[in-house]
Amino acid sequence: MIAAIGRTTWWHLPCFTHSLNLVVQTTIRNDDHLTHVQQKCKDTVSQFHRSVKSAEKQRDIQKQLSLPEHKLVQEVTTKWNSTYMYLMFQRIFEQKDVLTTALCLTDQNHLCLIDDKKSLISDSLSVLGTFLEPTVNILGNKYITTSLIIPLVNLQKAMISHNSIPLATKLLSELPHSFAPVEGAFITAVTTLLDPRFKKLPFSTAASSDHAVSRITNEVANLLTASTTTSESDEVSPSHADGLTTVASSSLWNSFDASVYDSTSHKRAQSQNTIEVRRFFEEPKIDRTRDPSQLWKQDEAWFPYLNQIACKYLCIPGSSLPSKRLFSNGGQLVFEIRSRLKPENIDKMVFLNQNL
């Protein structure tokens, strides 16, 4: 797929959640102790899923101890969240006393976790927890997500660097492999800059933001030039501007007048694009909880050309999961006994499903 995108010369924006998944899975795979604990947790979850007797014991002990009657959830390799929070590691740690008692009562002592393994899970949760919020933030499909990538990556690095456990160090060394070029990539840089909540603030170096700002300025200049070109036919000729007498069309001054007019138009476009871009960055940032798309809609008259660029880039999703959900919903609508649905009806049903 990446090779195909390269041949078409399209821009490729890697899925943010997939990149996070690779960071976590690679780090865990390279840690023998954590891999062993992970496998033992998977075996424990399988035992309670397969054995009715074990599951009943778990529920009975939960009631006796007045604990939440949560079920264990098995790890799914393609979803790194399965190693945290509502899923495997978090549930194992939450129910550790219940599971130990239930396993001993059902003669499955070999699956019991010893204290040092429980401590390892606890330490792992404190680090893996920092990956939960970025994943949840980027999965939305009703708000702008691509502009969140640079802030989330830099905040992630800063938060992990404050944790001294070995897993944090390994994750911190693995992050640059997946997110090293994130500030240098034009799509992520331009979306962050054009998000009124962030602008230049999340960038770690001024050079990264300045390069993207220059490209935005050039795009504004191109739009200005195109706008000027289309309206040239309606403008007054330079020879009439000062009320001068029109000279014959073969006058020697025609080429000079045309050069002056072109030079003036070019300088005017350059100054206008610089002013519009500078005025946008001088505006105060909006609150992080506000919707940047609404602000761009309100300020369209103030930033007419930047507004066009913002609409072009801010609509790009930061994760491929919303599109995967869309395909899944389509698969649920079209099956063997509904195979005669017309394509336009399927499109309407999927649209209504996603937007109502």
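All of the numbers you see were taken from the coordinates with simple rules; none came from a lab. This structure is a prediction, so every number in the text was calculated from the model and none was measured. Cβ placement follows ideal geometry from the backbone for every residue including glycine, while neighbour counts extend to all protein chains displayed.
Each residue of the stretch 32-40 in order: what ³J(HN,Hα) in whole Hz does its phi give by Karplus 6.51 cos²θ - 1.76 cosθ + 1.60, θ = phi - 60°, with x for Gly and Pro?
Using θ = phi - 60°, the values come out as 4, 5, 5, 4, 5, 5, 4, 5, 5 Hz.
Please list, ordered by chain and number, the residues whose modelled amide H lies under 5 Å from the amide H of Leu139; skip anything fewer than 5 residues away on the same chain.
none
Could you compute the FRET efficiency for Thr169 and Glu94, with r as their C-beta to C-beta distance and R0 at 22 Å, rounded to 0.05?
0.25
With the crude spin-label approximation of a point 7 Å out along Cα→Cβ, what separation in nm comes out for Val334 versus Gln308?
Reported label-point gap for Val334 and Gln308 is 3.6 nm.
Extending each Cα 7 Å along its Cβ direction at Asn353 and Ser227, get the distance between those two points in nm, one decimal.
Modelled inter-label distance: 4.1 nm.
If you take the C-alpha gyration tensor of the stretch 2-143, multiply each eigenvalue by 5 and take the square root, what semi-axes do you get, largest first, in whole Å?
Those come to 35, 16, 14 Å.
What's the FRET efficiency of Leu65 with Asp43 using the Cβ-Cβ distance as r and R₀ = 35 Å, to the nearest 0.05?
Working from the Cβ atoms, E equals 0.90.
Among Thr191, Thr169, which comes first, then next, by fewest other beta-carbon atoms within 10 Å?
The fewest-first ordering by Cβ neighbours comes to Thr169, Thr191.
Starting from the Cα of Lys71, draw a straight line to each of the aspartates and glutamates and keep only those under 13 Å, dropping any in the same chain fewer than 8 residues away.
Candidates past the 8-residue exclusion: Glu56, Asp60, Glu94.
Mind putting together the pair-distance distribution for the stretch 130-179? All Cα pairs, 10 Å bins, whole percent per bin, short to long.
Percent of pairs per bin, in order: 24, 52, 20, 4.
Compute the distance in nm between two label points, each set 7 Å from the Cα along the Cα-to-Cβ direction, one at Asp32 and one at Ala3.
3.7
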